[in-house]
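Only one structure is covered here, and it is reproduced in the block below.
The values are calculated or read from the model by the stated rules, or taken from the named source; none is laboratory data. Since we're looking at a predicted model, the values are computed, not measured. Please note: Cβ atoms are built from the backbone with ideal geometry, for glycine as well, and neighbour counts cover all protein chains shown.
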Amino acid sequence: MADQAGAQNAAQSPRTAVVIGGNRIPFARAGGAYAYSSNRDMLIAALDGLVARFGLQGERIGEVAAGAVLKHSRDFNLTREAVLGSALSPETPAYDLQQACATGLETVVGLSNKIKLGQIESGIAGGVDSASDAPIAVSEGLRRVLLDLSRARTTQQKIRILSTLRPKDLSPNAPGTGEPRTGLSMGEHQAITTAAWQITREAQDELAYRSHQNLAAAYDRGFFADLLTPYRGLMRDANLRADTSPEKLATLKPVFGKGLDSPATMTAGNSTPLTDGAAVVLLGSEDYARANNLPMLANVVDAEAAAVDFVQGDEGLLMAPVHALPRLLKRNGLTFADFDFFEIHEAFAGTVLSSLAAWEDEEYCRRVLGLDGALGSIDRSKLNVNGSSLAAGHPFAATGGRIVASLAKTLSEQGGRGLISVCAAGGQGVVAILEARN
Amino acid sequence: MSQENGPAHLVQLEAVPALAGLYRRAVRTTVSRRVTRKGRPSVLPAVRHRVGGVRVELPALTRFQHLLGSAARDQLPSAYLHTVAFPVAMSVLARPDFPLPLLGMVHLSNEVRQERQVVASETLDVVAWSESLRPHPAGTQVDLVTEIAVDGQRVWSGRSVYLARGIRSEGAPERSSVERPAFVPPVPTGRWRLDADLGRRYAAVSGDWNPLHLSGPSARMLGMKGAIAHGMYLAARMVDEAVPAPSGALSWRVDFATPVQLPGTVTLCFASPAGGDAAPRSRIDVVGWDAKRRRPHFTGWVGAE
C-alpha cells in the first residue's frame, strides 16, 4: 500500500519550528579559493559566521545536524568535530546525515521535526562539500593487501601477501559522479530525461541566464549581507557571471547526451559546476526565538521525501521531487496557486524544466503520479527569484541550507508561502514548505 | 612596554626579512665570534625594528592551520601572528651589535596579550625590540618584545624570553643548590604523537628554519641530543586546543622546561583551574610532559574573554 501521510500527521504539528537565520560562505569553483580547505574547515567557517551573527558563543544548541556527500572516512564525526572547533558550547550534540544533494534540506526537516515534537528548542542544520579536497581511495586490490598485511604474523606471510600486489593496484580511485547501479553519470542520466521531455537548448540556456541575473541582482541589492560571511578572500559566489547572456551561453559545446538520438543540449553553462562551500541554518521554537530576542523569518511547515525507480523503471534519475510534491500538497490541502515563491534546485537546467513539464502534463500526472489531471503550472516570475545553483554553484550538501535561508529571508521580507524542491543521487528527492510568519 | 636603554632609534625595514638569511648570517657570526672570542655581553642595541603593511598570505595560513590540526578559518591563530612578526624580532637579534649569539639561544617562555581577533584580510604593522638583558644561572637572558598593530591600534603584543647558555655576565646568580620539587604528572587528557619530520614541516609553514629543529646532525652541531620540536609549534597547538574558536581578547603564556625530542610523544593535561566557578571556561591551564621520564616539557595557560 502506498504511503500517503494524512493531514492529521505532520501538517498539524504540536509546535512551530521557525527559521531564525542562516549563514554560508560564498561558493567557490572546484580548485579555486577553497582548493585547500577541507569539509571541516568550511563547515566551521560557516558556523563561525552564524555564531557571530546570532551571538551563540558558548551556547548549548539543542542539536547540530549536517553532512557532506564527498566525505573522507576520517571525517566520520564531521559535524561533531566542527562543533568542537567552533565557539558553540562543547556540550552541543551533533550528528552527520547524508542523503546526497538532499542532505542539507533533510537536516532542516529532521531538526524542525525535533523542535515541533518538543525534543529540542534550537538546532543548526546544514551541509558542506568540497569537490577540490575530495577523498581519494586506494584501489580494492591494495586495500585488500593492506588489510591482510595488518593481520599477518610471520615475515613469510607478509612476503606472500605482498607478492599478490599488482602494479595496477597502486593507482588511486577518485570519487566519480557515476550512479553505482547504472554506471551513468548524473549528467548522462539527466540528458536522457531532458531529451524525453523535449526540453530545448534555448530554454535551458534561458533558465541559466535568469539564474545568473537573479543572483547578481540579489547581491547588488545587498540581499546576502546577513546570509553570507566572506571566506578565503571570496566575497561572492565565484561561479556567478553577471555579464553572461543567452548568446554567450549558446556558444558552449554540449557535454552530456552526445550519444543520444536527439541533439545534445546540456552544456557546462546550463549544468552546475563542481563547487566547494558550506551553509548552515539556525532553527528554533517560537519560545526559543522570543526568549533570546532572535528574529523569526519563516515557519518550517512540512516536508516529503520520494524515490523513483530509475534503474529498471522508466523514470528519470532526478525526477523524485516530481513524485514527492503532489503528496506534500495533498497532505497540506494546497495547490501551486497557494505559493508565492518556488525554489527548485538547479542541478541542471534540464532538471528544473523537466519537472515543470511533468507537472504540466495531464497524461503523465494521471498515469505516473496517479492524479486526476495535471498538477499545474508554475509562474516563472516566482521561480528561483534570488538565483539558484546554476549561478551560485552547488556544493552538494550545502545547497539545502543555502535555499532554506534565502527563501526564509524572502518570505520575511515579502510574506507568503514558499516551496522547495531538491533532487538527489540515487533517484531521491525532498520537497518542503516554508511559510511567512504573518 | 618600557624601553630601558633610553630613546630607541626606529629602524624601518622594507619588508619582513627572510629567516633563512638571518640564520645564515648568524652561522657566520657564531663562527667568527668563536674565532675572535670577542667581548662579553654588555648592552642591547637601542633600536626598534619596524615593518609596515604586512599582509597574510592565505595559502601559507592554511598550511600553518592544517599542520596544527586546527580549522582553516580566516581568523588568525594567535601564534600565527607571532609567526608573521617573528622575523622582525629575529632581525634585532641578528644585528652585528646584538651582544648575544642568535644561534643556540634557548627559548624559555612566551607571554602574549591579544586585544581582539584579527582576520587574514587585515594589514599588520610590526615593531620589535629587545630589552632586559640580565644574568641567569646558566648564562644570559634577554626579552624580545613584539607588537602588532592594525590602523594604529595595538592588537597583539608578545614577550619572548631567550637564554644564551654559557654566556656569563657580571653578577650572575649561582645555580641554586636547592632541589626542585619532583614533577608530579596530572591526570592526562590528551596525547600528541610528533613525527620525526615535524621540525622540517613546521619550518616550512612558519619560515623558522632554525637548525635546532631540522635534523639530528644540525641540532647536535648546536649542542642538542637531536632535533627538537619548535617551542612555538607546542605553544600554537596548546593555544588552539585550549580555545579553538576565540572571539574576543586572548591571553596566553607558555614556559618551556625540557625540549621535546623528535620523534616523540607529549602527554597533556588541559584543565580549568580549580575554584574558577564564576567563569569556568575563561582560563585553561595546560601541562605537557614526557610520561616515560616523568619530566615536564612545558606548562602554560590560555585565557579567553
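Key figures
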| item | result |
| --- | --- |
| Tabulated pairs, region A:313-340, first closer than 17 Å to A:Ala374 by Cα, second aromatic (Phe, Trp, Tyr), C-beta under 7 angstrom, 6+ apart or interchain | A:Val322/A:Trp359 |
| Meets criteria (within 14 Å of chain A (Cβ to nearest Cβ), surrounded by 14 or more Cβ atoms within 10 Å (Cβ to Cβ) and either assigned to a loop (DSSP other than H, G, I, E, B) or at pLDDT 95 or above (or both)) for B:Asp240 | yes |
| Condition met for A:Ala68 (over 21 Å from B:Asp240 (Cβ atoms), within 9 Å of chain B (Cβ to nearest Cβ) and part of a loop (DSSP other than H, G, I, E, B)) | no |
| Among (1) more than 14 Å from chain B (Cβ to nearest Cβ); (2) more than 22 Å from A:Thr410 (Cβ to Cβ); (3) surrounded by fewer than 20 Cβ atoms within 10 Å (Cβ to Cβ) - the single one A:Thr265 does not satisfy | (3) |
| Options A:Ala102, A:Ala46, A:Ala82, A:Ala52; residue that is hydrophobic (A, V, I, L, M, F, W, C), in contact (Cβ under 8 Å) with a residue 24 or more places away in the chain, within 12 Å of chain B (Cβ to nearest Cβ) and within 27 Å of A:Gly418 (Cα to Cα) | A:Ala46 |
| Subset tally (residues that are within 19 Å of B:Val266 (Cβ to Cβ), touching a residue at least 12 places away in the same chain (Cβ under 8 Å) and of a type outside the set (Val, Ile, Thr)) for region B:211-235 | 13 |
| Residue match in region A:149-170 (condition: assigned to a helix (DSSP H, G or I) and in contact with a Ser or Thr (Cβ under 6 Å, 6 or more places away or on another chain)) | yes |
| Qualifying residue in region B:62-78 (condition: surrounded by 20 or more Cβ atoms within 10 Å (Cβ to Cβ), away from chain A (no Cβ under 12 Å) and more than 20 Å from A:Ala46 (Cα to Cα)) | yes |
| Any hit, region A:109-125, residues being among the small types (Gly, Ala, Ser), touching a Ser or Thr at 6+ places or on another chain (Cβ under 7 Å) and outside any strand (DSSP E or B) | no |
| Those residues of region A:85-99 which are assigned to a loop (DSSP other than H, G, I, E, B) and more than 14 Å from every other protein chain (Cβ to nearest Cβ), in sequence order | A:Pro93, A:Leu97, A:Gln98 |
| Segments classed as strands (runs of 3 or more DSSP E), wholly inside region A:210-315, with at least 3 members that are in contact with a Phe, Trp or Tyr (Cβ under 9 Å, 6 or more places away or on another chain) and either of a type in the set (Ser, Thr, Tyr) or modelled with pLDDT of 95 or more (or both) | A:275-285 |
| Filter result for B:Trp209 (part of a loop (DSSP other than H, G, I, E, B), surrounded by fewer than 22 Cβ atoms within 10 Å (Cβ to Cβ), at negative phi and not charged (D, E, K, R)) | yes |
| Test: residue in region B:213-222 that is within 14 Å of another protein chain (Cβ to nearest Cβ), at pLDDT 85 or above and either touching a helix residue (DSSP H, G or I) at 6+ places or on another chain (Cβ under 8 Å) or surrounded by fewer than 17 Cβ atoms within 10 Å (Cβ to Cβ) (or both) | no |
| Any hit, region A:243-258, residues being on the phi > 0 side of the Ramachandran plot and within 14 Å of another protein chain (Cβ to nearest Cβ) | no |
| Selection within region A:34-43 - more than 8 Å from chain B (Cβ to nearest Cβ) and either over 11 Å from A:Leu78 (Cβ atoms) or of a type in the set (Ser, Thr, Tyr) (or both) | A:Tyr34, A:Ala35 |
| Checklist (1) within 19 Å of the chain's Cα centre (by Cα); (2) outside any strand (DSSP E or B); (3) free of Cβ contacts under 8 Å to residues at least 40 places away in the same chain applied to B:Leu102, failing item | (3) |
| Members of region B:116-149 that are surrounded by 22 or more Cβ atoms within 10 Å (Cβ to Cβ), among the aliphatic types (A, V, I, L, M) and within 17 Å of the chain's Cα centre (by Cα) | B:Val126, B:Val127, B:Ala128, B:Val142, B:Leu144, B:Ile148 |
| Residue satisfying condition, being more than 25 Å from A:Ala216 (Cα to Cα) and modelled with pLDDT of 95 or more, within set A:Ala392, A:Ala357, A:Ala408 | A:Ala357 |
| Condition broken by B:Ser121, with the remaining ones in (1) over 28 Å from B:Pro211 (Cβ atoms); (2) among the hydroxyl-bearing types (Ser, Thr, Tyr); (3) touching a strand residue (DSSP E or B) at 6+ places or on another chain (Cβ under 6 Å) satisfied | (3) |
| Region A:39-91: number of residues that are crowded, with 19+ Cβ neighbours inside 10 Å and among the basic types (Lys, Arg) | 2 |
| Hits in region B:48-93 (condition: over 24 Å from B:Gly303 (Cα atoms), β-branched (Val, Ile, Thr) and in a helix (DSSP H, G or I)) | B:Thr62, B:Val88, B:Val92 |
